[in-house]
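Colleague: Structure in structure tokens, see below.
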Amino acid sequence: MSDAKTFFLDEEEIPFEEGQTIIQAALSAGKYIPHLCYHPEFKPHGSCKLCTVRIDSRTVTTEDGQSVKIPGRAAASCTTPAQAGQHVESEVPEIQDLRRTLIQMLLVEGNHYCPSCEKSGKCLLQGLAYDLGVMDPHFPQYFSKREVDASHPDVLLDFNRCILCELCVRASAEVDKKNVFAISGRGHTKHLICNSESGELGDTNLAATDKAANVCPVGVILHKRHGFEVPYGQRRFDKAPISDNPAQYAPV
Ligand code: FES
């Protein structure tokens with residue numbers, strides 16, 4: 001590792017190539033940093049902030065001889081380039097607390113009723129909540145009123161669970177070249193839409209095999225006639241925590 005450029009992630013030396021972000025280098029080295037909107041096939045989005053790390057904290061000695069830690073800069077590791085010699089903190093209590101809070105906010109903002117969700121056991125949001133030890137939603141439930149779009153012959157949309165990661169938007173634009181999905185509205189009215197005259201998925205040219213139809217990290221984009229093929233208890237995150245799957249995301 002001597003000639004390679006390296007940085008330190010939780011005191012472990014991580015090699016990286018010029019241009020790699022912190023999360024890219026970490027995942028390549030088999031080190032997991034929690035993330036939701038990051039996907040290696042698309043441009044980083046930097047919206048969920050689950051991948052937040054702290055960079056280059058330092059300890060100073062005060063006039064009366066006390067050691068005081070000055071927290072480093074908080075940054076999204078999916079958009080921040082790795083730099084040689086930098087010290088990155090990820091699995092430290094303050095950052096894990098921040099991630100728990102973000103998960104709790106996402107859980108109350110949408111209608112995430114895991115016991116009845118087809119994605120339970122393979123949902124990244126649920127997997128992260130379990131892995132980070134989120135025991136309750138903490139914040140009052142928002143009970144947002146959202147529709148279900150069952151107009152497509154093969155794919156169902158349940159907008160109740162959308163976390164606005166825009167993975168489907170990016171997949172449809174960058175990989176499928178179809179622009180089936182888009183984001184509309186601002187602030188708390190921001191929501192996922194389908195790009196068709198009627199606004200319904202059935203009037204788009206989405207195919208069930210499209211990347212966009214298979215990239216949702218939560219239970220918004222579901223395939224009809226394939227629900228519950230793998231029983232609860234036998235799914236990916238039922239068997240191993242999400243942090244044991246550093247290079248796996250967006251399971252179908
Ligand atoms: Fe980095 Fe979402 S994974 S901001």
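Colleague: Between the DSSP loop rule and a limit of at most 13 other Cβ atoms within 10 Å, which trypsin sites (Lys or Arg not before Pro) in segment 96-176 are left? List each step's numbers first, then the result.
Modeller: Numbers: sites: R99, R100, K119, K122, K145, R146, R161, R170; in loops: K119, K122, K145, R146.
Loop-located and lightly packed - K145.
Colleague: Using only helices, what value at 222 nm comes out for the chain when you add -39,500 (n - 2.57) per DSSP H run of length 4 or more and divide by the total residues, to the nearest 500 deg cm²/dmol? Mind dumping the intermediate values first?
Modeller: Numbers: 5 runs with 40 residues, N = 252.
That comes out to -4500 deg cm²/dmol.
Colleague: For segment 84-155, what is one quarter of the convex hull surface built on the Cα atoms, given in nm²? Intermediate values should be presented prior to the final figure.
Modeller: Numbers: hull surface 31.0 nm².
Convex hull of Cα atoms, orientation-averaged projection: 7.8 nm².
Colleague: Roughly how compact is the chain, stated as its Cα Rg over 2.2 N^0.38 Å to two decimals? Please list the in-between numbers first.
Modeller: On the way: Rg = 19.8 Å, N = 252, 2.2 N^0.38 = 18.0 Å.
Relative to the 2.2 N^0.38 Å estimate, the chain comes out at 1.10.
Colleague: For segment 159-227, what is Rg from Cα atoms divided by 2.2 N^0.38 Å, rounded to two decimals? All intermediate terms of the calculation are to be shown ahead of the outcome.
Modeller: Details: Rg = 11.5 Å, N = 69, 2.2 N^0.38 = 11.0 Å.
Against the compact-globule rule of thumb, the ratio is 1.05.
Colleague: Net charge around A74, counting only other residues with Cβ within less than 10 Å of its Cβ (Lys, Arg = +1; Asp, Glu = -1)?
Modeller: Values: positive: K49, R54, R73; negative: E89, E94.
Once all neighbours under 10 Å are counted, the net charge is +1.
Colleague: Separate question: Provide, for the chain, the number of lysine pairs with alpha carbons under 18 Å apart, each pair being eight or more places apart or on different chains.
Modeller: Step by step, the pairs that qualify in the chain add up to 16.
Colleague: Then there is this: Would you mind checking the radius of gyration and Dmax of segment 5-91 based on alpha-carbon positions, in Å?
Modeller: 14.1, 52
Colleague: What number, in percent, do you get for the relative contact order of segment 39-112 if the mean sequence gap of Cα pairs under 8 Å and at least 6 apart is divided by its residue count?
Modeller: Values: 77 pairs, mean separation 24.9, N = 74.
With pairs under 8 Å counted, the relative contact order is 34 percent.
Colleague: Just the accessible area for E147, please: 1.4 Å probe, Å², rounded to the nearest 10?
Modeller: 120 Å²
Colleague: A further question follows. Between helix 93-109 and the chain, what is the angle of the helix's C-alpha long axis to the longest principal axis, kept within 0 to 90° and rounded to the nearest 10?
Modeller: Once rounded, the angle reads 20 degrees.
Colleague: Can you tell me, using C-alpha contacts under 8 Å and at least 6 residues apart, the relative contact order of the chain as a whole percent? Don't jump to the answer; show the numbers that get you there.
Modeller: Details: 462 pairs, mean separation 49.1, N = 252.
Taking the mean separation of contacting Cα pairs over the length of the chain, I get 19 percent.
Colleague: Continuing with the same structure: How much of the accessible area of the chain, in percent, comes from carbon and sulfur atoms when a 1.4 Å probe is used? Let's see the in-between values first.
Modeller: Working: 6650 of 12930 Å².
Taking all protein chains in place, the chain shows 51 percent carbon and sulfur surface.
Colleague: Another question, if that's okay. According to the square roots a ≥ b ≥ c of the eigenvalues of the Cα gyration tensor, what is the shape class of segment 100-241, taking rounded for a/c under 1.5, prolate for a/b larger than b/c otherwise, and oblate for the remainder?
Modeller: Working: a/c = 1.89, a/b = 1.32, b/c = 1.43.
Oblate, because a/c is 1.5 or more while a/b does not exceed b/c.
Colleague: Moving on. Counting alpha carbon pairs within less than 8 Å and at least 6 residues apart, what relative contact order, in whole percent, applies to segment 100-241? Don't skip to the answer; put the middle values down first.
Modeller: Values: 225 pairs, mean separation 41.7, N = 142.
Computed value for segment 100-241: 29 percent relative contact order.
The values are calculated or read from the model by the stated rules, or taken from the named source; none is laboratory data. None of the values given here were measured: they were computed from a predicted structure. Virtual Cβ from ideal backbone geometry, glycine too; neighbours counted across all protein chains shown. Note: accessible area is taken over every heavy atom of the protein model, side chains too, but ligands, DNA and RNA are not part of it. Shrake-Rupley method; radii C 1.70, N 1.55, O 1.52, S 1.80 Å.
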